[in-house]
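**Q** Pasting a structure here, questions to come.
The values are calculated or read from the model by the stated rules, or taken from the named source; none is laboratory data. This one's a predicted model, so the numbers in the text were calculated from it and none came from an experiment. Every residue, glycine among them, receives a Cβ derived from its backbone with ideal geometry; neighbour counts consider all protein chains shown. Just so you know, the surface numbers come from the protein's heavy atoms only, side chains and all, with ligands and any DNA or RNA stripped out. Shrake-Rupley method; radii C 1.70, N 1.55, O 1.52, S 1.80 Å.
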Amino acid sequence: MIQIERTGSIIVRLTIMMIILCGLIYPAVMTGIAQEAVPNKANGSLIYSNNHQVIGSKLIGQQFTSDAFFHGRVSSIDYNGAGSGSLNLAPSNKDLTNRIEKSVAAWKKESEVPKEGIPIDAVTNSASGLDPDITPQAAYAQVERVAKAAHVKTNTLKELIKEHTQQGAFGGKRVNVVELNLAVQRER
């Protein structure tokens, strides 16, 4: 009986110690290190307006519906940052085919880009539904529409796309739509 009580006591003390160590001390130390080493990333890579108001994050896409702005990827969760996810529909699923056809029709309606010239990332969603980036091809495909609606020269928009194109982690190039649209807004 004494052995069981002693074992139970050790387990309780070990549990409390692990909660303190792993639940309090470790996260506090890691947060402190991150705040010192990479404070912008540790705080969510926030984007600020000229008057220092938070207007978004470099890591989370936003929905832009105005023709005067570049549009991001399709989001199956309407860019709701409370959670992420995708519909995970198979290529053979009729719902996916219908959703892509709807996206293609919307692109053809707002753009003069032929169906074959629409970049795939412009009509498909990312796995998270929150992807803030598009390919440079998807950005260039929107230049005419944005130039017309925003009253900004096409060459200026192409230069902005070039300036905001970054090398992706796995080799592909990407353009952050939120940052690009902020640059467009400054040009207006």
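**Q** Just to check your reading of the model, which residue among Ile19, Ile47, Ile60 is open to solvent by 50 Å² or more (accessible area, probe 1.4 Å) and either modelled with pLDDT under 85 or closer than 30 Å to His151 by Cβ (or both)?
**A** Details: Ile19 fails: either modelled with pLDDT under 85 or closer than 30 Å to His151 by Cβ (or both); Ile47 fails: open to solvent by 50 Å² or more (accessible area, probe 1.4 Å).
Being open to solvent by 50 Å² or more (accessible area, probe 1.4 Å) and either modelled with pLDDT under 85 or closer than 30 Å to His151 by Cβ (or both) holds for just one of Ile19, Ile47, Ile60, which is Ile60.
**Q** Considering the stretch 160-174 alone, what residues qualify as being of a type in the set (A, V, I, L, M, F, W, C) and modelled with pLDDT of 95 or more? Steps first, answer last, please.
**A** First, the residues of the stretch 160-174 that are of a type in the set (A, V, I, L, M, F, W, C): 160-161, 169-170.
Within the stretch 160-174, Leu160, Ile161 qualify.
**Q** Any idea which residue in the stretch 123-142 is nearest to Ala82 (Cα to Cα), counting only those that are buried (at least 20 other Cβ atoms within 10 Å of the Cβ) and modelled with pLDDT under 85?
**A** Ranking the candidates gives Gly129 first.
**Q** While we're looking at this one, here's another question. Can you find a residue in the stretch 68-77 that is within 24 Å of Gly171 (Cβ to Cβ), at pLDDT 90 or above and in a strand (DSSP E or B)?
**A** No: zero hits.
**Q** Then there's this: Is it the case that the stretch 176-183 has a residue that's in a helix (DSSP H, G or I), open to solvent by 10 Å² or more (accessible area, probe 1.4 Å) and either free of Cβ contacts under 8 Å to residues at least 12 places away in the same chain or out of contact with any helix residue (DSSP H, G or I) (no Cβ under 8 Å at 6 or more places or on another chain) (or both)?
**A** Checked against the condition, which is being in a helix (DSSP H, G or I), open to solvent by 10 Å² or more (accessible area, probe 1.4 Å) and either free of Cβ contacts under 8 Å to residues at least 12 places away in the same chain or out of contact with any helix residue (DSSP H, G or I) (no Cβ under 8 Å at 6 or more places or on another chain) (or both), the stretch 176-183 yields at least one hit.
**Q** Within the stretch 22-44, which residues are among the aliphatic types (A, V, I, L, M) and either open to solvent by 80 Å² or more (accessible area, probe 1.4 Å) or over 30 Å from Asn181 (Cβ atoms) (or both)?
**A** Matches in the stretch 22-44: Leu24, Ile25, Ala28, Val29, Met30, Ile33.
**Q** Looking at this structure, is Ala90 outside any helix (DSSP H, G or I), surrounded by fewer than 14 Cβ atoms within 10 Å (Cβ to Cβ), under 20 Å from the mean Cα position of the chain (by Cα) and aliphatic (A, V, I, L, M)?
**A** On the way: outside any helix (DSSP H, G or I): yes; surrounded by fewer than 14 Cβ atoms within 10 Å (Cβ to Cβ): yes; under 20 Å from the mean Cα position of the chain (by Cα): no; aliphatic (A, V, I, L, M): yes.
Spelling it out, it is not the case that Ala90 is outside any helix (DSSP H, G or I), surrounded by fewer than 14 Cβ atoms within 10 Å (Cβ to Cβ), under 20 Å from the mean Cα position of the chain (by Cα) and aliphatic (A, V, I, L, M).
**Q** Inside the stretch 38-57, can you point out the residues that are of a type outside the set (A, V, I, L, M) and part of a helix (DSSP H, G or I)?
**A** Matches in the stretch 38-57: Pro39, Asn40, Lys41.
**Q** For the stretch 155-169, indicate whether the set of residues that are over 18 Å from Asp78 (Cα atoms) and in a loop (DSSP other than H, G, I, E, B) is non-empty.
**A** Filtering the stretch 155-169 for residues over 18 Å from Asp78 (Cα atoms) gives 155-169.
With the extra rule that they be in a loop (DSSP other than H, G, I, E, B), the set shrinks to 168-169.
Within the stretch 155-169 (the criterion being over 18 Å from Asp78 (Cα atoms) and in a loop (DSSP other than H, G, I, E, B)), the answer is yes, since at least one residue qualifies.
**Q** Another question about this same structure. Got a number for residues in the stretch 98-117 being in contact (Cβ under 8 Å) with a residue 24 or more places away in the chain and either open to solvent by 50 Å² or more (accessible area, probe 1.4 Å) or outside any helix (DSSP H, G or I) (or both)?
**A** 5
**Q** Another question, then. Taking the stretch 56-97 only, how many residues are of a type in the set (A, V, I, L, M, F, W, C) and without any contact (Cβ under 8 Å) to a residue 40 or more places away in the chain?
**A** Final tally of qualifying residues: 5.
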